[in-house]
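S.K.: My structure is below; once you've seen it, I'll send some questions.
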Amino acid sequence: MSITLISKEGAQFLVSKPVADRIGVVRDCAYGADFWLGYAVATDDSMGITLANVTSSILSKILVWCEHYKDMEPLVDGDSNMEFPEWDMAYIGHDMNQILFVLEAADYLHIPGLLLLACKGIADVLDGRNPRGICDLLGIVMDFSHRQEVDMDKENGYWRWFLHPT
Amino acid sequence: MQLFELPTELLQLIVSYLSTSSALAIALTSRLWFDIAIEHLWAAPHAATLANAGYRADYKHLKHREGRLDRIWRKARNAVGIRSTKDKERIPTRVFRAQRFQFYASLVRSLTLEESGYVMDYSLLLPPLMVLGGGSSFLPAALTRLRVLTLRACCAHFLLPLSSLPWSICPLIRINVCLRQNSVLSVHEHLELSTLTEALSPLPRLDDLKVERRLWSGQERALLQLVSERFGSTLKTVAALGLGFDVHTLEVSLPALQEVSLTLDTDSLVPRALRLPTLRKLNVHICTSASGIHALLVALVVPSLEKLAITVGFSSALESAQGEWQVTDPLHALLSLVARKHPQMVSLSLSVYEQHPSPLPSWPFRRLEPILALSRLTELQIVTPASLPLGDTEISALCDACYNLRILLLSWPIVRSHAPGWRALSALAQLHGLQELTIPVELPAYIPLMALPSDSTLESFHMGQGDVASPRPAARTLRALFPHLKKLEFDPRPPSPAVEDRTRAVRLEWLRAVAQLGLVLE
């Protein structure tokens, strides 16, 4: 059994059932009727399922992840201390723009494992940077003055208080 | 697309993956990020930190430079009804501090209150609480989002004032209580249990109870009775450490109990049958005799015990009195019983903590053979000062029997004449799920043909007191066997004084450098 997915630009992607099962929206569209009607409405459906919010490049990237996890369970636990497999981290990379699009698409398509991976990817890009560096990276205009920044750093940097109590 | 265009829930998820310092850095970039990151920063602070947030001397902020922390100050000013400069002068500084404390306390989701130096750190929180008008009883009201509360003390008297607070107004999903008595207070141990019973009774729920004593004095029945009646539906973990605990007391109804930790040295305190239908994990500490744990395992009626951890104080507890293991070997009998009664076990740990037993015992492999019947094991740990003559053949047999292993930790004083080598590592490389490996190996210069490339996912390998003859070819073979290896460690202590310490360390450092970094030196 296979399903055709249609991207925002109209490009068609033919995927197998195990791969499509990783995408929550597709799973619901294609097989959700199983429960109510006793058959799948989209079995070998030639019309396909249109994913209007996902571009071809992002959909093809997402399908690589789905293909990798078609036979095994991805991490879906929300524990922030859990380490992702090496393949996952290499897959998500360090390109902030692309990770953002993957994150948005994973949220829209309801793929919890990929959603967490994209969040972890963004956090890894941000980690270790100072406020100025983050502003430069994200194109944010700082709301706080230098004095405010210093004060809030003092107020909330509590792990340093045990070393240098004020 | 910009990051801040994402929904707030996703931004919170991203911040939860950041380290504390990075979360603070992103909080300082803009007001949007400040509101998101500050919740993460103050989710689980130390009690002293929370007290400090309310009581940090900050006259400059209050008197002359009020514009700095606008957002928090505005909340504080509104809360106390300041509208003009005159109002501001009328309001004392301590009120501002208390309001700041309240602001940060409302973000806390997990809090640990513990005794330090005969004083509960909870007392640090009292000054701002007094200002807020409710005294100590205002603490649960200030912690509006508290989900997990942990109370730790060495003396039950310290728990009394805390447990009587109205915690039921907090949205708690877990309360952990730990009472670890120190030796100074041991003369009053008989008073402690009744005080603990008194301290526990006002709590709205109890999920984890850990009591560590020198000697139990028979009052545990009242404690377990109370726990069963008041917290039976929520209590998941019970740890009763110390000699003389009467196991009969666990016969009370505890329908949610999943993990039990006990100290057992005699079978006289164990009932004939003990029904714990929901138990998943059992931790037993034995000192001088294995009769207690044997009797307990016989008595236990548990449908699915998945994890068993045995900690042994003296290795003599696992030796037979006659010295004839074939007839009355306590260790073999114990492991046989485990394999017979709980073949579905997934985690087994046996740790002997006697550092220098005299004489040094030696365990033949047949003592451990019952482990081979536990085919579903995913974690196996054996730490012993006894020498285990485990060679290539024995390790291969273990790999064949327990093919689901994810974590294998074997630690013993290595015997160079009969130590695992390349064949053992080749067998271990065939375990696809293996992620952590600790085993002392002797890697000779000759590398057999069977060390072929594999798809092992092993990431961490500890060689213990092992050794390697030729680091470079050995590193290449290790990389072939374990292509995902990230961490290679070894014990710097030589296995015997006969081994040259320095040259061994150099060889192993070479091996680590080449195997860990993935360098191939031709």
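S.K.: Restricting attention to region B:398-429, which residues are among the hydroxyl-bearing types (Ser, Thr, Tyr) and in a helix (DSSP H, G or I)?
M.R.: Scanning region B:398-429 gives B:417, B:426.
S.K.: Tell me which residues, restricted to region A:102-123, are more than 8 Å from the chain's Cα centre (by Cα) and either facing chain B (nearest Cβ under 8 Å) or of a type in the set (S, T, N, Q) (or both).
M.R.: Correct list: A:120, A:122, A:123.
S.K.: Could you please tell me which pairs satisfy a Cβ distance under 9 Å, a separation of 6+ or placement on different chains, a first residue in region A:125-148 that is at the interface with chain B (Cβ under 7 Å from one of its Cβ atoms) and farther than 24 Å from residue A:103 by Cα, and a second residue that is surrounded by 14 or more Cβ atoms within 10 Å (Cβ to Cβ) and small (Gly, Ala, Ser)?
M.R.: A:142/B:30; A:143/B:30; A:144/B:30
S.K.: Restricting region A:72-101 to residues that are in a helix (DSSP H, G or I) and polar (S, T, N, Q), which is farthest from the other protein chains (Cβ to nearest Cβ)?
M.R.: The qualifying residue farthest from the other protein chains (Cβ to nearest Cβ) is A:98.
S.K.: One residue is enough: does region B:234-244 have a residue meeting the conditions in a loop (DSSP other than H, G, I, E, B), at pLDDT below 90 and touching a Lys or Arg at 6+ places or on another chain (Cβ under 9 Å)?
M.R.: Within region B:234-244 (the criterion being in a loop (DSSP other than H, G, I, E, B), at pLDDT below 90 and touching a Lys or Arg at 6+ places or on another chain (Cβ under 9 Å)), the answer is yes, since at least one residue qualifies.
S.K.: Quick one: which of B:395, B:407 is in contact with a Pro (Cβ under 6 Å, 6 or more places away or on another chain) and in contact (Cβ under 8 Å) with a residue 12 or more places away in the chain?
M.R.: Just a single option satisfies the conditions, and that option is B:395.
S.K.: Is at least one residue of region B:368-390 touching a His at 6+ places or on another chain (Cβ under 6 Å), closer than 21 Å to residue B:333 by Cβ and buried (at least 16 other Cβ atoms within 10 Å of the Cβ)?
M.R.: No - not one qualifying residue is present in region B:368-390.
S.K.: Starting from region B:17-30, take each residue that is more than 7 Å from chain A (Cβ to nearest Cβ) and list its partners that are of a type in the set (Val, Ile, Thr), counting only C-beta distances under 9 angstrom and pairs at least six apart or across chains.
M.R.: Pairs that qualify, where the first residue is more than 7 Å from chain A (Cβ to nearest Cβ) and the partner is of a type in the set (Val, Ile, Thr), are B:23/B:15; B:23/B:38.
S.K.: Is there a residue in region B:254-265 that is assigned to a helix (DSSP H, G or I), buried (at least 21 other Cβ atoms within 10 Å of the Cβ) and hydroxyl-bearing (Ser, Thr, Tyr)?
M.R.: no
S.K.: Yes or no: residue B:8 under 20 Å from residue B:138 (Cα atoms) and modelled with pLDDT of 65 or more?
M.R.: When the stated conditions are applied, residue B:8 does not pass them.
S.K.: From the residues in region B:407-429 that are within 31 Å of the chain's Cα centre (by Cα) and surrounded by fewer than 19 Cβ atoms within 10 Å (Cβ to Cβ), which one is farthest from residue B:459 (Cα to Cα)?
M.R.: My answer is B:413.
S.K.: Can I ask one more? Being surrounded by 16 or more Cβ atoms within 10 Å (Cβ to Cβ) and among the β-branched types (Val, Ile, Thr) is the filter here, so list the residues in region B:151-180 that pass it.
M.R.: B:175, B:177
S.K.: Looking at region B:213-225 only, could you name the residues that are modelled with pLDDT of 90 or more and surrounded by fewer than 19 Cβ atoms within 10 Å (Cβ to Cβ)?
M.R.: B:225 - this is the single residue of region B:213-225 that is modelled with pLDDT of 90 or more and surrounded by fewer than 19 Cβ atoms within 10 Å (Cβ to Cβ).
S.K.: Let me confirm something: among B:321, B:295, which residue is modelled with pLDDT of 90 or more and touching a helix residue (DSSP H, G or I) at 6+ places or on another chain (Cβ under 9 Å)?
M.R.: Only one candidate qualifies: B:295.
S.K.: Same structure, new question: If I go through region B:143-162 residue by residue, how many of them are of a type outside the set (D, E, K, R) and modelled with pLDDT of 90 or more?
M.R.: Selection size over region B:143-162: 7.
S.K.: Mind checking whether some residue in region A:64-71 is basic (Lys, Arg), in the same structural domain as residue A:14 (by TED's automatic domain parsing), surrounded by 14 or more Cβ atoms within 10 Å (Cβ to Cβ) and not in a helix (DSSP H, G or I)?
M.R.: yes
The values are calculated or read from the model by the stated rules, or taken from the named source; none is laboratory data. On a predicted model such as this, the values are computed, not experimentally measured, just so you know. Reconstructed Cβ throughout: ideal geometry from the backbone, glycine too, with neighbour counts over all protein chains shown.
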